[in-house]
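The values are calculated or read from the model by the stated rules, or taken from the named source; none is laboratory data. Keep in mind it's a predicted model, so treat the numbers as computed, not measured. In this analysis, Cβ positions are derived from the backbone assuming ideal geometry, glycine residues included, and neighbour counts consider all displayed protein chains. The protein model used for the area step is the full one, side chains on, heavy atoms only, and it has no ligands, DNA or RNA in it. Shrake-Rupley method; radii C 1.70, N 1.55, O 1.52, S 1.80 Å.
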Amino acid sequence: MINKKIITTICLILGSYQVFSQNFTLRSKDLAGQFTGKFMASTFGCKGENISPELTWSYAPSETKSFAVTMYDLDAPTGSGWWHWVVFDIPANVGELKQGAGNLEKQLTPKEAIQSLTDFGTVGYGGPCPPENDKPHSYMITVYALNKANLGLDKNASPALVGFMANQNILAKASIIVYSKR
């Protein structure tokens, strides 16, 4: 027989703590294991459409004040990888970036969000374009839940600086990896 006093004590203890049923998660309806031509770059010999994928995140920590999103090629033959997309100062009440949000002309990101420089030397999304006949490249897309509403940076901030500031203010992060080969 279960003791009612023990059950009451357990309920009181659980009631004073926030219990999560799931962890901070990043998903995309557009992406599976491989990038398709729609999301590939239209430069460096690639003939993709250069459309940024839809991204959705959920279960962020309750203390989140903003988000940052990055896309990084871990296998780029540079010695330091390759930054394809950097977005930060996304308000805490936002839980997605729509397909095409990486195109500044479409104005699909929240007005507070800042898209900064990539390793293409431009602002906004630059799709994958691994060298021909190279091994499949791993593209890590990460969303960071941050404890600051803004990072104090602008569109000219380097990806490394944005990454540094995001990691200095991180509450949680979630990533997906998508591959590409040509």
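What percentage of the solvent-accessible surface of the chain, computed with a 1.4 Å probe over protein heavy atoms, is contributed by carbon and sulfur atoms?
54
Using Cα atoms only, what is the angle between the long axis of helix 4-15 and the major principal axis of the chain, expressed in degrees (0 to 90) to the nearest 10?
30
Write down the accessible area per residue of the chain in Å², having rolled a 1.4 Å probe over the full set of protein chains.
Result: 55 Å² of accessible area for each residue.
Which FRET efficiency, nearest 0.05, do Leu104 and Tyr59 yield, Cβ-Cβ r, R0 41 Å?
Efficiency for this residue pair is about 0.90.
So for the chain, taking the charge dipole from beta-carbon charges (+1 Lys/Arg, -1 Asp/Glu), which of Ala149, Thr43, His137 sits furthest toward the positive end?
Value computed over the given set: Ala149.
If you count, for each residue, the other Cβ atoms within 10 Å and average over each peptide, how do 132-141, 51-60, 34-43 line up from highest to lowest?
Details: 132-141: 15.3, 51-60: 19.9, 34-43: 17.3.
In decreasing order of mean packing, 132-141, 51-60, 34-43 become 51-60, 34-43, 132-141.
Which one of Val87, Gln115, Ser62 is farthest out on the positive end of the charge dipole of segment 60-141, using unit charges on Cβ (Lys, Arg +1; Asp, Glu -1) and the Cα centre as origin?
The Cα lying farthest towards the positive end belongs to Ser62.
Cβ neighbours within 10 Å, averaged per peptide: list 148-157, 64-73, 88-97 in order, most packed at the top.
64-73, 88-97, 148-157
Please report, in debye to the nearest 20, how large the charge dipole of the chain is about its Cα centre when each Lys and Arg carries +1 at its beta carbon and each Asp and Glu carries -1 there.
Dipole magnitude for the chain comes out near 600 debye.
What do you get for the angle between helix 159-168 and the principal long axis of the chain? Use alpha-carbon atoms, 0 to 90 degrees, nearest ten.
With rounding to tens, the tilt is 10 degrees.
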